[in-house]
Amino acid sequence: MQTNMHPGKNGFRKRIKSFGFAFTGIYELFKSEPNARIHFLAAVCALIAGILLRISKSEWCVILIVIAIVWAAEAFNTVIEKLTDHLFPEYHETARIVKDISAGAVLVCAMAALVCGLIIFLPKLF
């Protein structure tokens, strides 16, 4: 008898397979969403700046967390937009509001990430 605590070989294989699905989702996000690619480019710039400016461990933690938050927000936004488009193929005011709010959430996360980056990098540049 298998339990959730000891999933056995099949359970382990399912867990490994689920990672594959997750990586496929990340690939689809960056392949299909121009804003995700912009966020990716910004993240690469932040990572390069962090290396060149030799930021501290705590500063690295902040940079990595805000990168992850922005990417996660972009992923959730993409899911919300795709589901909304599927459920409301014709124009619907509620669908517009849902999509605008979701996009606004990404903007809030991206602005917070930008401010964190400025707080960390500007003093090291000047």
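Picking from V115, L53, G11, whose Cα lies most toward the positive end of the charge dipole for the chain (charges on Cβ: Lys, Arg +1; Asp, Glu -1)?
Farthest towards the positive pole: G11.
Can you tell me, using C-alpha contacts under 8 Å and at least 6 residues apart, the relative contact order of the chain as a whole percent?
Once normalised by length, the contact order is 27 percent.
Just how large is the dipole of segment 53-126 about the Cα centre, in debye to the nearest 20, putting +1 at every Lys and Arg Cβ and -1 at every Asp and Glu Cβ?
500 debye
Mind checking which aspartates and glutamates have their Cα closer than 16 Å to the Cα of K124? Skip sequence neighbours fewer than 8 apart in that chain.
In chain and number order, the partners are E59.
Among (1) 112; (2) 163; (3) 99, find the value of volume of the Cα convex hull per residue in Å³ that was calculated from the structure presented, and write down its label.
Entry (2).
For I63, what is the net charge nearby, where nearby means another residue's Cβ is under 14 Å from its Cβ and Lys, Arg count +1, Asp, Glu -1?
In short, +2.
Please state the charge dipole magnitude for the chain, taken about the Cα centre, from unit charges on C-beta atoms (+1 on K and R, -1 on D and E), reported in debye and rounded to the nearest 20.
800 debye
Considering only the other residues whose Cβ falls under 13 Å of the Cβ of I26, what net charge follows from Lys and Arg at +1 and Asp and Glu at -1?
Summing Lys and Arg as +1 and Asp and Glu as -1 gives -1.
Shape call for segment 19-86 from the C-alpha gyration tensor, a ≥ b ≥ c root eigenvalues: rounded (a/c under 1.5), prolate (a/b greater than b/c) or oblate?
It is prolate, given that a/c is not under 1.5 and a/b is the larger ratio.
Using helices alone, I'd like the mean residue ellipticity at 222 nm for the chain: each DSSP H run of four-plus residues gives -39500 (n - 2.57), total over residue count, nearest 500.
-30500 deg cm²/dmol
K82: which lysines have alpha carbons under 16 Å from its alpha carbon, excluding same-chain residues fewer than 8 sequence positions away?
K31, K99
Computed from the coordinates by the stated procedures, all read-outs in this text should not be read as laboratory data. Computed from a prediction, not measured in an experiment: that's the story for all the values here. As a convention, Cβ positions derive from the backbone with ideal geometry for all residues, glycine included, and neighbour counts pool all protein chains shown.
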